[in-house]
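The values are calculated or read from the model by the stated rules, or taken from the named source; none is laboratory data. From a predicted model like this one, the values you see are computed outputs, not experimental measurements. Cβ sites come from the backbone with ideal geometry, for glycine too, and all protein chains shown count toward neighbours. Surface areas here come from the heavy atoms of the whole protein model, side chains and all, with no ligands, DNA or RNA. Shrake-Rupley method; radii C 1.70, N 1.55, O 1.52, S 1.80 Å.
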Amino acid sequence: QVQLVESGGGLVQPGGSLRLSCTASGSFFRVYGMGWYRQAPGVQRELVATIIRDGSTNYADSVKGRFAISRDNAKNTVYLQMNSLKPEDTANYYCNALIRTDSGRDREDYWGQGTQVAVSS
């Protein structure tokens, strides 16, 4: 059984920084693309950033220049460094990963349970 376990959320003042982590655990063959999404109350879940195994990244325009996504393939872990945080960054942040559980199976989407980020003075 595959699990994505997130950590690192919390309350921070505007202009502050937080670092989120997400580790894939359990039995699987390989982790492919990984990413972070967020959802604020009453709003659809939106992409924040994604990263593939070779390190290529993609960011939402709203976070470019402030957030940085990275990964450690050996640890099956993805990170999101969030700097210059704004109140509008407040949301539940969800980790996502495309994982092949067995070499003979298709890749499947997995989601973490979410971690709350609140930006407020």
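Brief remarks follow.
- Every test in (1) over 12 Å from the mean Cα position of the chain (by Cα); (2) more than 13 Å from VAL48 (Cα to Cα) is passed by GLY112 save one, and that test is (1).
- When segment 69-87 is filtered for residues that are closer than 23 Å to SER120 by Cβ, open to solvent by 50 Å² or more (accessible area, probe 1.4 Å) and touching a strand residue (DSSP E or B) at 6+ places or on another chain (Cβ under 8 Å), the ones remaining, listed by number, are GLN81, ASN83, LYS86, PRO87.
- Where ASN58 falls short, out of the listed (1) in contact with a strand residue (DSSP E or B) (Cβ under 7 Å, 6 or more places away or on another chain); (2) of a type outside the set (A, V, I, L, M, F, W, C); (3) in contact (Cβ under 8 Å) with a residue 24 or more places away in the chain: (3)
- The set of residues in segment 71-96 that are among the hydroxyl-bearing types (Ser, Thr, Tyr), under 12 Å from the mean Cα position of the chain (by Cα) and more than 13 Å from ARG19 (Cβ to Cβ) contains only TYR94.
- Within segment 25-65, being crowded, with 21+ Cβ neighbours inside 10 Å and within 20 Å of SER103 (Cβ to Cβ) holds for VAL31, MET34.
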